[in-house]
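Scroll down for the structure; my scribbles are underneath it.
What follows is calculated from the coordinates using simple rules that are stated; it is not laboratory data. Note that the structure is a prediction, hence the values are computed from the model and not measured. When we count neighbours, we look across all protein chains shown, and the Cβ atoms used for this are built from the backbone with ideal geometry, even at glycine.
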Amino acid sequence: MELGAVVGELIDPAGGGVAGALIGSMVGVGGGISYVPSTDNFYAGPVITFAPQLFSGYGWNASTAIVPSGTNPNSIANGQSYSVTFQPTTFTGSTVTKSPGSPAVAGPSVGSRSRTTTFSASYSFDITPAARAVRSAVQSAVSTVRGWFQ
């Protein structure tokens, strides 16, 4: 049962589940990961998405942003941010992202929520030390395995 249906049933047990399920189908909750290549920093955190079209709240999306010179890309990826994505087809979309204290940035996107516009809010945490530790461990393991075959 969808979260929206549960909420609808709590509000109106005599039929709120239907309305709640329909509204809930437009909302998605998940996680996001950001990578800033210029500084080699990683960020991750929760994301909530609203798509004003039935059964469009779930799915995936990947985007990149073109950051103007003089703007710190880490300030956009770290902390709270809001985005609007227009995705006419799976491979042709665009996303505009705004973080407090930084200018809005835009870039291309791909995703499964086609033919809709989605509105998202997220909060990301700096996970760079953990990501670098994992990357180092993987590189070490690959190096070790390569050594076995030389």
Report the label-to-label distance for residue 22 and residue 142 in nanometres (one decimal), using points 7 Å from each Cα along the Cα→Cβ vector. 5.1 nm
222 nm [θ] for the chain, helices only, -39500 (n - 2.57) per DSSP H run of 4+, per residue, to 500? -9000 deg cm²/dmol
If packing is taken as the average number of other Cβ atoms within 10 Å across a peptide's residues, how do 70-76, 132-138 rank, most packed first? 70-76, 132-138
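Let me know the charge dipole size of the chain about its Cα centre in debye, to the nearest 20, where only the beta-carbon of Lys, Arg (+1) and Asp, Glu (-1) is charged.
Details: 6 positive and 5 negative charges, 102 e Å.
So the magnitude is around 480 debye.
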For the chain, alpha-carbon Rg and Dmax in angstrom: 19.4, 70
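Between residue 64 and residue 80, what length comes free when the chain is fully extended (0.36 nm per residue of separation minus the Cα-Cα distance, one decimal in nm)? Intermediate values should be presented prior to the final figure.
Values: separation 16, 0.36 × 16 = 5.76 nm, distance 1.69 nm.
Contour length minus Cα-Cα distance gives 4.1 nm.
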